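Reviewing the structure listed below.
The values are calculated or read from the model by the stated rules, or taken from the named source; none is laboratory data. Note that the structure is a prediction, hence the values are computed from the model and not measured. As a convention, Cβ positions derive from the backbone with ideal geometry for all residues, glycine included, and neighbour counts pool all protein chains shown. Only protein heavy atoms, including side chains, enter the accessible area calculation; ligands, DNA and RNA are left aside. Shrake-Rupley method; radii C 1.70, N 1.55, O 1.52, S 1.80 Å.
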Amino acid sequence: EICACLVGSEMCIRDRYTALSIQIAQYLGADRQDDARSVLRQAMLFNVILGVGAALFGLGISPFLPGWLGADPSLRANATAYFAIWSTALPFTMAMGMYASILRAAGYALTASLISVLVCVLDIFFNFFLINPTREMELFGQTVTMFGFGWGVPGAALGTALATMIGGLAALAVLLLRESPLAIRYPGSWKITRSCLINLWRVGVPLAAERAALSSAQVLLVRIVSQLGTVAIAANSLAVSAEGLCYICLLYTSDAADD
């Protein structure tokens, strides 16, 4: 259930930065580089304001959310910890998604993809050491002692959060340092403009409303499945993840069309 909420939140956030990246792509296509950089600076401000606000909101409801969703009492402590850690990393999660989307809009799809791959590799690396305790492992036919923190579920959340933080900072570094039409190290206005807000409202709100409806249905479905026990929840999560593989090509084709 917590995972369903996380996925739903990420999808709604994703629509906000999709709306901003569309504006940037349009300005770059019209050779209005100053306007494109202006939208990028506003996107950075939105990321800080909304990211910090969402993080504080998530931290505030994390002790109560598992109970609201009807989670088994034995799982609520870990669910609360996971959601709280994930919420803390929300500004960086939003930064990575937003800046990667903007890089694709500017024609740097390979750079954005490499950052995503880096995040996945770091996620596996951090989780490997943070979740498991120190233990004996067979490696190339030899028994070795593998160090681990043994933090379990909170370790999984922390590993994902750390990987996302690094990805967000890496994407920001590219925008700051790379010589491109979006290089924001050049002087420019950081004022939030009316035109950007109007375009964000027109594009982002309908997308976010659609995602909110889909995410609410997903949470309701998991709420129903949760009555069958934790094994059923795990099986449902695995099936949904496997199903998601079928939509990868379609989703990236849609992103490319938007960008």
Applying the gyration tensor rule to the Cα atoms of region 147-221 (axes a ≥ b ≥ c; rounded if a/c under 1.5, else prolate if a/b exceeds b/c, else oblate), the class is oblate
Taking Cα atoms, the helix 76-88 axis meets the longest principal axis of the chain at an angle in degrees (rounded to 10) of 20 degrees
How much length is gained if the chain between THR193 and ASP34 is pulled fully straight, taking 0.36 nm per residue apart and subtracting their Cα-Cα distance, in nm to one decimal? 55.9 nm
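Could you state the accessible area per residue of the chain in Å², with a 1.4 Å probe and every protein chain left in place?
On the way: 14000 Å² over 259 residues.
Dividing the accessible area of the chain by its residue count gives 54 Å².
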Region 24-96: chymotrypsin sites (Phe, Trp or Tyr not before Pro) in DSSP loop, at most 13 other beta carbons within 10 Å: PHE64
Show me 93-104, 170-181 ranked by packing, highest mean number of other Cβ atoms within 10 Å first. 93-104, 170-181
Magnitude of the Cβ-charge dipole (Lys and Arg +1, Asp and Glu -1) of the chain about the Cα centre, nearest 20 debye, reported as 700 debye
Can you work out the FRET efficiency for the pair ARG178 and ILE124, with r the C-beta to C-beta distance and R0 = 35 Å, to the nearest 0.05? 0.85
In whole angstrom, note down how far apart the Cα centers of region 188-214 and region 21-44 are. 14 Å
If you take the beta carbon distance between ALA235 and ILE49 as r and set R0 to 41 Å, what does 1/(1 + (r/R0)^6) give as a FRET efficiency, to the nearest 0.05? 0.55
How far, in degrees from 0 to 90, does helix 90-105 lean away from the longest principal axis of the Cα atoms of the chain, to the nearest 10? 50 degrees
Loop sites in region 116-155: chymotrypsin sites (Phe, Trp or Tyr not before Pro), DSSP, at most 15 other Cβ within 10 Å: PHE140
To the nearest 10 degrees, how steeply does helix 230-244 sit against the main Cα axis of the chain, on a 0 to 90 scale? 40 degrees
